[in-house]
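All of the numbers you see were taken from the coordinates with simple rules; none came from a lab. Treat the numbers as computed from the prediction; the structure is a model and nothing was measured. Reconstructed Cβ throughout: ideal geometry from the backbone, glycine too, with neighbour counts over all protein chains shown.
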Amino acid sequence: RRIFNQLLPLINLIIIMGLTICKEVMVKRGVFATSTLLRPGGVELDAADHRELDQILSDLQPLLRA
């Protein structure tokens, strides 16, 4: 339950923003070079979205290995 509660903000953001958030997380983690989606029409992140995602990933840092 503790881990779920820590992941819940990211889960909520993924539900709201869709694959755009998943791709952006992978860019921030160094998996992909860009967050461009092959299928157009996705939600674009604004500065507030990036700040929120950065805060969520910072909070999750203890759970991440690499």
What is the set of long-range amide H partners of Phe32 at a cut-off below 5 Å, with H atoms built 1.01 Å from backbone N?
Val27
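Placing unit charges on C-beta atoms (Lys and Arg positive, Asp and Glu negative, everything else neutral), compute the dipole magnitude of the chain about its Cα centre in debye, rounded to 20. Don't jump to the answer; show the numbers that get you there.
Values: 8 positive and 7 negative charges, 78 e Å.
Taking the Cα centre of the chain as origin, the dipole is about 380 debye.
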Can you put Leu19, Leu64, Leu38, Leu45 in order of Cβ neighbours within 10 angstrom, beginning with the fewest?
Leu38, Leu64, Leu19, Leu45
Which GluC sites (Glu not before Pro) does the stretch 1-62 hold that lie in a coil by DSSP with at most 10 other beta carbons within 10 Å?
Glu44
Ranked Arg29, Arg39, Arg65, criterion: other C-beta atoms within 10 Å, fewest first
Arg65, Arg39, Arg29
What nm value, rounded to one decimal, do you get for the distance between Leu8 and Val43 when each label is placed 7 Å out toward the C-beta?
1.9
Whole-Hz ³J(HN,Hα) from phi, Karplus 6.51 cos²θ - 1.76 cosθ + 1.60, for the stretch 7-22, glycine and proline x
7, 4, x, 5, 4, 4, 5, 5, 4, 6, 9, x, 4, 4, 5, 4
Fewest Cβ neighbours within 10 Å first, please rank Lys28, Lys23 accordingly.
Lys28, Lys23
Which whole-number percent of Cα pairs in the chain have a distance greater than 20 Å?
25
